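Let me begin by presenting the structure, written as structure tokens, before commenting on it.
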Amino acid sequence: MLNDLSAADSGYWHEPDALLVDIVSGFVNKGGMELGVTLFIRGLVISGVLVGEREYLRAISEMFRSQAKRTLLNPTKQEMQMTDEIFDFTNMAEDIVVEDLYDDPAIAQRLVEEAQDEDELDDMVGVPAIRYLHLKDPAVIQPQPAVSFSHSSISILRIRLTAVDGWMLGKVTVDDDDDLMNFPPPAPNEIRH
């Protein structure tokens, strides 16, 4: 009977890790904390620093703004302002911070005080489930050499939470190839297959 329920039939295995979701949502997206993390995704090991979705959206917005402004010939103030508005993706964040919902901070404060706990507050404002995490300065760890994206124009990787097979707190340090040259290879009789 137990074998009748296979993992493929269950939606459980398609859900992201609830603890990782809470860390990304509470500490990183809402709290602004940056955390080193190593992710295991379909056989890849990717390490970097978790950053909030708003930081990712600001970086994307700034890249598109600067690209668009370079194409304008003798732009007016109005054209510059329109470009800033058109390429502002920061309001697309999945995690909602209650204070950002209302122009009047007193309304937001009253709502937070009236809620009995965070779940009730989420129900009141209709907070959507988050689907992504954002990894700054990611490095794909391979046997050698590691691939790093820290020098790209936007070095923040967007990853679906459901794609993560495993994770651990802490960023892997990528050693230089020169450091590896100081270790001689093992003798042939010491290699085990």
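Any read-out appearing in this document is the output of simple, stated calculations on the displayed coordinates, not a laboratory observation. These numbers come from a predicted model, not from an experiment. Note that we place each Cβ from the backbone using ideal geometry, even for glycine, and neighbour counts take in every protein chain shown.
Tabulated data for the structure shown
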{"read-out": "Mean Cβ count within 10 Å, highest first, over the residues of peptides 74-80, 51-57, 15-21, 156-162", "value": "51-57, 156-162, 15-21, 74-80"}
{"read-out": "As computed over region 51-96, the Cα convex hull volume per residue (Å³)", "value": "57"}
{"read-out": "Relative packing of 43-49, 67-73, 149-155, which averages over residues the other C-beta atoms within 10 Å, highest first", "value": "43-49, 149-155, 67-73"}
{"read-out": "Pairwise FRET efficiency - residue 63 versus residue 173, Cβ, R0 = 25 Å, nearest 0.05", "value": "0.35"}
